[in-house]
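Notes for the one structure printed next.
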Amino acid sequence: MDFGLTEGDSGVVARATGFARQFSETGGTPSWDQWGDGGWTGLCLPGEFGGGGYPALASVLTFEALGRGGIDRGALFALGAHLFGCSMAVANHGSAEQKAAWLPRLASGAAVGALGFSEASGGSDLDACGSELVAVGTGYRLSGAKTCVTNGSIADLFVVLARSREQRSPFAYSMVLLPRDTPGLSVTPIEGVRGLAATTPAEVVFDDCPVAESDLLRRGDLGMAQMLDIMRWERSCILAGSLGALQADFERVMRHLSERGRHQATDHALARIRTRIEGARWLMLQAAWRLDQSGSDLLQPSMSKLFVSEAIAECTGELRRLVAGAAWRGELGLADALDDALALLSASGTSEVQLNTIASQIGSGL
């Protein structure tokens, strides 16, 4: 297993550090225009459509550098959902016409992408998917609703999971491309979220939306396989920014505690946190590296998402406890960091969803 980078890959990671520094010094957050101008919205998209063409491993290290440099965690998660969830779905599974129509806009940041998967009735449970695609004449009609859609409030393109009413089988799913101006599509922003507020989540309702055959990601009966591949990308890559931010939090707490004098109890706690961060990082890098080696199975992305999200939440909570009253007073940014970290436990599939996937992949000999 070789995590070595080419000169070009190392260059984009270094450029990410400089880009993040511009905003960490002012406390601002990049706009979608700035994401696009920097090339971050198309980082791993194919070069022929205006993307950077970087591999998953370099993309993960780039997001990690952006997070370590101080970019808001919610903004990085939103960027990751756009890139790894929606845009890579079009790049990997779209028709030639779909790629030509959408990838240049997604790569440049002129269009923001969102992935519609979770539903209020069943969260990330595929069996509870109630959004239905009904054949009507030469096309289809889509009805249903998705909840907690990252970027939903501002998205220009939705990639939506739906199932066929006529064929209730485990394979009767389709992935549908829906522009925001599709008749019958309505968006309601979710207000007052705790954690990852910059993801601008929304409820998205489909009221008998017209869907043409050309709006399906290739063949409609491949929706399940497509969804699983999208999850491989999202779960392997989307937490990289938050893990980088955790490393920055760790270093900030180290400096704060060193000013108060060293104590064995706090040193041991910091040693455990540092070890856990390193373990999460290597598991994440391995998941991204496997994506670059002709894809991966379901096991590695789910193990990475499970371990990394729980490590971020646990380590952030411990860092906040270590600084005691400073965190209570809102210093060091750890109060917001903990809200963001706890939100990651549910995003892109809960820990229970990941455990179900892991258990199914390793067989019954538990």
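The values are calculated or read from the model by the stated rules, or taken from the named source; none is laboratory data. The structure displayed is predicted, hence computed values, not measured ones. Here the Cβ is made from the backbone with ideal geometry for all residues, glycine too, and neighbour counts use every protein chain on show. Note: areas computed on protein heavy atoms with side chains; ligands, DNA, RNA excluded. Shrake-Rupley method; radii C 1.70, N 1.55, O 1.52, S 1.80 Å.
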(request) Mind computing the radius of gyration and Dmax over the alpha-carbon atoms of segment 186-269? Å is fine for both. (result) 22.2, 67
(request) State the answer as a single residue: which of 209, 29, 250 lies farthest towards the positive end of the charge dipole of the chain, with beta carbon charges of +1 for Lys and Arg and -1 for Asp and Glu, about the Cα centre. (result) 250
(message) Can you give me the solvent accessible area of residue 308 with a 1.4 Å probe, rounded to the nearest 10 Å²?
(response) 0
(message) Keeping every protein chain present and rolling a 1.4 Å probe, give me the accessible area per residue for the chain in Å².
(response) 43
(message) I'd like the Karplus ³J(HN,Hα) series for segment 344-351: coefficients 6.51, -1.76, 1.60, θ = phi - 60°, whole numbers in Hz, and an x wherever there's a Gly or Pro.
(response) 5, 5, 9, 5, 6, x, 5, 4
(request) Have a look at the chain and give its Rg and Dmax from the Cα atoms, expressed in angstrom. (result) 20.5, 75
(message) What percentages make up the Cα-Cα pair-distance distribution of segment 221-279 when the bins are 5 Å wide from 0?
(response) 4, 15, 18, 15, 12, 9, 8, 7, 5, 4, 2, 1, 0
(request) Please provide three numbers in whole Å: the alpha-carbon extents of segment 212-366 along the principal axes, with the largest listed first. (result) 64, 40, 26
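For residue 322, what charge total do you get from the other residues with a beta carbon under 15 Å from its beta carbon, if Lys and Arg give +1 and Asp and Glu give -1?
+3
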(request) Give me the percent of DSSP beta bridges within the chain that run antiparallel, rounded to the nearest 5. (result) 80
(message) Just want to confirm a number: the relative contact order over segment 222-340, from Cα pairs under 8 angstrom separated by 6+ residues, in percent.
(response) 37
(request) Can you check how the C-alpha radius of gyration of segment 276-366 compares to 2.2 N^0.38 Å, as a plain ratio? (result) 1.28
(request) Taking the Cβ of residue 275 as the centre, find all other residues whose Cβ is under 13 Å away and add up their charges (Lys, Arg: +1; Asp, Glu: -1). (result) 0
(request) Using the 2.2 N^0.38 Å rule of thumb for compact globular proteins, work out how segment 1-142 stacks up: its C-alpha Rg over that value, please. (result) 1.20
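Which whole-number percent is the relative contact order of the chain (Cα, under 8 Å, 6+ apart)?
Here the relative contact order equals 17 percent.
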(request) Could you work out how far helix 264-292 tilts from the main Cα principal axis of the chain, as a 0 to 90 degree angle to the nearest 10? (result) 30
(request) For segment 271-311, state what percent of all Cα-Cα pairs lands in each successive 10 Å bin, counting from 0 Å until the bin that includes the largest distance. (result) 33, 48, 17, 2
(message) With a 1.4 Å probe and all protein chains kept in place, how much accessible area does residue 355 have, in Å² rounded to the nearest 10?
(response) 90
(message) Solvent-accessible area of residue 206, probe 1.4 Å, all protein chains present, reported in Å² to the nearest ten, please.
(response) 10
